[in-house]
Protein chains: 2
Amino acid sequence: MNESFKNKAPRIVAIGGGTGLSVLLRGLKQHTRRITAVIGVADDGGSSGRLRREMGIIPPGDFRNCIVALSDEDSLLKELFQYRFPEGSELQGHSFGNLFIAAMTDVTNSFEDALTESSRILSVTGRVVPATIENINLSVELADGQFIKGESNVKESSSEIKELFIDPPDAEASPTAIKAISNADLIVIGPGSLYTSILPVLMVGGIVDAIAESKGLKYYICNVATEIGETQHFNVVRHIEVLERYLGSEILDMIIANDNITDIGEQFHGEAVDPSTGSTKHIIATSDLLDEEHKVRHDSGKLAKFIMENYLG
Amino acid sequence: MNESFKNKAPRIVAIGGGTGLSVLLRGLKQHTRRITAVIGVADDGGSSGRLRREMGIIPPGDFRNCIVALSDEDSLLKELFQYRFPEGSELQGHSFGNLFIAAMTDVTNSFEDALTESSRILSVTGRVVPATIENINLSVELADGQFIKGESNVKESSSEIKELFIDPPDAEASPTAIKAISNADLIVIGPGSLYTSILPVLMVGGIVDAIAESKGLKYYICNVATEIGETQHFNVVRHIEVLERYLGSEILDMIIANDNITDIGEQFHGEAVDPSTGSTKHIIATSDLLDEEHKVRHDSGKLAKFIMENYLG
């Protein structure tokens with residue numbers, strides 16, 4: 001990679017959470033150092049959920065994964081960050097990186113400072129920032145009238161989601177997130193779980209306004225596969241429709257979607273998201289973006305390259 | 001400190017464990033970079049004991065304290081290493097540095113490699129090595145005939161200790177420890193708990209022979225205060241007598257003892273160790289070595305300076 005190019009490279013804000021966001025970041029860091037990941041804070045499962053409940057901190061798991069994805073460090077420390085304590089200990093299932101961020105949060109008395117310090121130690125390209133520093137809980141109303149509380153429960157809901165709520169409903173965006181969005185040359189929304197990773201960021205007070213007012217281009221990266229409990233049977237157009245209920249319909253400049261449609265395999269409980277059905281006013285740029293080994297994921301390299309090709313025009 | 005002096009400075013091996021050893025190391029690193037701390041592995045209490053039992057690793061606490069004592073890093077990472085998780089979480093009482101060493105041990109599959117990596121990350125002067133990589137359990141026979149098992153229990157024994165045992169009795173020294181002792185210009189034994197920190201190192205197969213055969217000078221640093229359950233009412237001479245039952249009587253070149261005898265205060269449950277009573281063939285070099293704030297401890301600076309003055313002679 002050309003270093004001078006990297007310094008003139010676009011300021012990119014990536015919005016979301018979960019595996020999708022870290023896949024994207026791993027690819028993007030090959031093209032620019034000026035990356036800010038704006039990450040949702042509604043996770044309540046696993047090691048993150050335990051730390052959240054017991055220590056009152058923002059769930060660190062998605063932040064940890066993004067720090068690792070953006071880390072230049074090719075060392076044991078990076079491996080250590082992803083280490084999980086084994087069965088049979090009271091630490092069972094805890095990710096070491098989560099404990100690192102939790103302890104650092106207590107020492108610095110600030111979740112954002114803890115992320116900055118952890119990023120420094122792992123030689124991170126760019127930054128990871130929380131959408132808000134308030135602890136958010138998700139709930140949904142399903143099409144069948146049921147209400148479900150908590151991110152991990154939502155992921156297992158049986159009927160289509162009608163409405164998403166965050167609690168507190170008036171949670172405000174972190175100033176760092178707003179500033180990064182305002183100054184971005186390119187805002188990339190997704191990939192990631194629509195209801196549990198992406199929309200919880202957009203619903204935080206100030207985020208959508210900042211996106212709308214930013215001069216940066218706005219791309220939505222549609223998932224390559226549907227997710228049970230969230231986007232079952234969704235095509236690309238249906239993803240956009242749901243997204244725009246929260247984002248507004250005049251904001252997106254481009255949709256990026258995978259067109260390598262294959263049989264995902266039963267073990268993944270999902271199906272390929274089709275960009276060729278349905279109708280929309282939006283420009284949908286398609287390419288083969290599939291990770292051939294994990295057919296529910298984007299390939300980092302293909303995705304980042306295609307985003308940059310479209311951005312650079 | 002003069003850098004050229006530091007490079008010609010003596011190779012010092014410090015033997016023991018617990019607070020005493022880390023106090024010594026904090027002082028010594030001002031005089032030489034060539035320090036190897038050889039640390040006992042019989043700890044079974046607190047966070048270390050939990051990790052030892054649940055993950056089968058060598059108890060990391062004493063190693064963590066010595067790494068921090070030898071760390072040049074004046075950063076949050078050092079503070080983080082000493083952080084303890086708060087009450088109310090399942091992590092309660094665990095030291096973050098212990099979890100760091102435990103996870104690194106699992107990732108590298110070697111306790112010694114984990115110490116090397118942790119030391120590198122914390123910019124440690126010198127090295128910390130375990131006396132043995134076997135997991136050692138202590139037991140004692142008391143003067144009243146009772147047998148007590150486990151380091152934490154020994155520390156609470158009510159009667160004088162008659163005999164100390166390690167299990168397995170034939171545990172062998174780590175080659176790294178033996179090599180450091182063989183190449184030392186100065187071997188410093190103590191300060192530290194006599195029965196639970198110092199003797200468990202000396203009882204490991206190969207350690208005493210290596211000390212005896214090393215051309216380095218051998219100093220014993222006597223504790224400034226007695227310890228209930230271990231050395232109640234001991235004067236300096238009594239400390240030496242017990243030590244030499246395990247070390248042999250022809251080995252020590254010098255004893256270093258504090259002569260600032262004060263009232264320690266009831267809260268510490270100990271009394272000042274007197275160098276002026278009893279008789280011994282040994283040279284006892286005395287000086288005011290007391291930490292005025294913690295009167296059961298040596299002052300790092302005074303102790304290291306006095307050791308170096310005697311060594312440089």
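Data for the structure
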| read-out | value |
| --- | --- |
| From A:Ile207, A:Ile189, residue being open to solvent by less than 30 Å² (accessible area, probe 1.4 Å), in contact with a strand residue (DSSP E or B) (Cβ under 6 Å, 6 or more places away or on another chain) and touching a residue at least 40 places away in the same chain (Cβ under 8 Å) | A:Ile189 |
| Residue ID - nearest to A:Leu91 (Cα to Cα), chosen from residues in region B:23-48 that are under 17 Å from the mean Cα position of the chain (by Cα) and in a helix (DSSP H, G or I) | B:Ser48 |
| Residue within region B:68-77 that is closer than 25 Å to A:Gln92 by Cα and not assigned by TED's automatic domain parsing to the domain that holds B:Val23 present | yes |
| Selected residue [buried (at least 23 other Cβ atoms within 10 Å of the Cβ) and modelled with pLDDT under 95] from A:Gly17, A:Gly45, A:Gly56, A:Gly40 | A:Gly17 |
| Residues being of a type in the set (A, V, I, L, M, F, W, C) and not in a loop (DSSP other than H, G, I, E, B) - total across region B:254-289 | 8 |
| Within region A:52-69, tally of residues that are within 11 Å of chain B (Cβ to nearest Cβ) and within 16 Å of A:Ser118 (Cβ to Cβ) | 2 |
| Matching residues in region B:80-110 - criterion: being among the small types (Gly, Ala, Ser) and within 10 Å of chain A (Cβ to nearest Cβ) | B:Gly88, B:Ser89, B:Ser95, B:Gly97, B:Ala102, B:Ala103 |
| Among (1) aromatic (Phe, Trp, Tyr); (2) more than 18 Å from B:Leu199 (Cα to Cα); (3) away from every other protein chain (no Cβ under 14 Å), the one test that B:Phe147 misses | (2) |
| Test: residue in region A:70-77 that is without any contact (Cβ under 8 Å) to a residue 60 or more places away in the chain, within 14 Å of chain B (Cβ to nearest Cβ), in contact with a strand residue (DSSP E or B) (Cβ under 9 Å, 6 or more places away or on another chain) and among the aliphatic types (A, V, I, L, M) | yes |
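One line per residue, one yes/no per condition, for (1) surrounded by 24 or more Cβ atoms within 10 Å (Cβ to Cβ); (2) of a type in the set (Asp, Glu); (3) in contact (Cβ under 8 Å) with a residue 40 or more places away in the chain; (4) in a loop (DSSP other than H, G, I, E, B):
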residue: A:Gln92; (1), (2), (3), (4): no, no, no, yes
residue: A:Ala102; (1), (2), (3), (4): yes, no, yes, no
residue: A:Ala114; (1), (2), (3), (4): yes, no, no, no
residue: A:Glu117; (1), (2), (3), (4): no, yes, no, no
residue: A:Val129; (1), (2), (3), (4): yes, no, yes, no
residue: A:Thr132; (1), (2), (3), (4): yes, no, yes, yes
residue: A:Asn135; (1), (2), (3), (4): no, no, yes, yes
residue: A:Asp144; (1), (2), (3), (4): no, yes, no, yes
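The values are calculated or read from the model by the stated rules, or taken from the named source; none is laboratory data. Just so we're clear, the structure is a prediction, and the values are computed from it rather than from any experiment. A quick note on method: Cβ atoms are made from the backbone with ideal geometry, for glycine too, and the neighbour counts reach across all protein chains shown. The protein model used for the area step is the full one, side chains on, heavy atoms only, and it has no ligands, DNA or RNA in it. Shrake-Rupley method; radii C 1.70, N 1.55, O 1.52, S 1.80 Å.
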